[in-house]
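Note sheet for the following structure.
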Amino acid sequence: MLTILFDGIAYGMLLFILAVGLAVTMGLMNFINLAHGAFAMVGGYITVLLMQRWGVPFLVCLPLAFLGSALLGAVLERTVYRPLYRKPHLDQVLFSIGLTFMAVATADFFAGSSQQIVQLPEWLKGRTELGEGAWMLGMGHYRLFIIAVCAALTVGLQTVLTRTRFGSRLRAAVDDQRVAAGLGINVNWIFLGTFAVGSGLAGLGGALGAEVLGLDPSFPLKFMIYFLIVVAVGGTTSITGPLLAALLLGIADVAGKYYIPKLGGFIVYSLMVALLVWRPHGLFVRNGGK
């Protein structure tokens, strides 16, 4: 039981890092970016390419995956995303879905349709077991590493959003873009920076999750619904909401697939429906301007 809880927490923390960028960009820009998973796939493929072809160490690949995805996000934000900010949500959905299918086709063309293999360092392999019987806790070293990295990123994000000048300007733009612009805040640069960081976090999540979730060209489509669940249940105005939603989703998914494999998906979606009926706007909602 404790092992399932541990694996669920690791899975949930990974989903949080993958989805938190989408939550922040949606909350700030009111833009529905269903191509968010494509940036995660880019980070995963950057890691695989660097490790397999050039022998770059895994720990070096992680920041490079973040930077590569962030750079791609910044370029796309300035060129193709920005003109759609004021378009209807249906246009945004169709546009971002189109980008997703383009990313899937591109990855399939250049990397092939087979699943990619990530060779972890020896110190990240193996498992530590504590206790005995039903209460034995088995901790995979790599999942423990994921929890530690994601916890550090969560603390860092919360610190940036609550205790830095960029965070205060970001919150001001979230509350009311026109007033923020009138106070001299360059909202366009705030958008650019936020979108780049969100894309970079997705890329980092893709790099971390390549070994756990699997990596192939269909990655953005397979996990799109999970990102949307995290955002819909957790809300888009805080870090706490998506974190709690991702943990609930991760634990429910792992436990459901372990105890009732044929109903694992049903349990996850039932939990989502129940939470949205209880809190239609997300678990944590911060009042602000529009």
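Some observations on this one:
- Mean residue ellipticity (222 nm) of the chain, computed from DSSP H runs ≥ 4 via -39,500 (n - 2.57), nearest 500: -24000 deg cm²/dmol
- Diffusion constant of the chain at 4 °C, which comes from Stokes-Einstein with the Kirkwood Cα-pair radius and 1.567 mPa s, µm²/s: 66 µm²/s
- Distance histogram for segment 191-290 (every C-alpha pair counted, 10 angstrom bins, percent rounded to whole numbers): 14, 40, 36, 10, 1
- Dipole of segment 134-290 [Lys/Arg +1, Asp/Glu -1 at C-beta], most positive-end residue of Leu228, Ile251, Thr159: Thr159
- For segment 122-175, the Rg and Dmax computed from alpha carbons only, in angstrom: 18.2, 53
- The Cα atoms of segment 1-54 give a gyration tensor whose axes a ≥ b ≥ c have a/c of 1.5 or more with a/b no greater than b/c, which makes the shape oblate.
- Charge dipole of the chain (Cα centre as origin; +1 on each Lys and Arg Cβ, -1 on each Asp and Glu Cβ, all else neutral): 800 debye, rounded to the nearest 20.
- Aspartates and glutamates whose Cα lies under 17 Å from that of Lys262, excluding same-chain neighbours fewer than 8 positions away: Asp253
- Taking only the alpha carbons of segment 66-144, we obtain Rg and Dmax values of 20.9, 58 Å in that order.
- Euclidean distance between Cα centres, segment 78-99 to segment 184-233, Å: 16 Å
- Here the Karplus relation 6.51 cos²θ - 1.76 cosθ + 1.60, evaluated at θ = phi - 60°, turns the backbone of segment 8-22 into coupling constants of x, 5, 4, 5, x, 5, 5, 4, 4, 5, 5, 9, 5, x, 5 Hz, with x for every Gly and Pro.
- Peptides 213-220, 141-148 ordered by packing proxy, namely the average of other Cβ atoms within 10 Å per residue, highest first: 213-220, 141-148.
- Working note: Karplus 6.51/-1.76/1.60 with θ = phi - 60° gives segment 42-51 the couplings 4, x, x, 6, 4, 4, 4, 5, 5, 6 Hz, where Gly and Pro are set to x.
- Length-normalised contact order of segment 32-133 in % [C-alpha pairs under 8 Å, at least 6 apart]: 38 percent
- Using C-alpha pairs below 8 Å separated by at least 6 residues, the relative contact order for the chain is 38 percent.
All of the numbers you see were taken from the coordinates with simple rules; none came from a lab. Treat the numbers as computed from the prediction; the structure is a model and nothing was measured. Note that each Cβ is placed from the backbone with ideal geometry, even for glycine, and that neighbours are counted across all protein chains shown.
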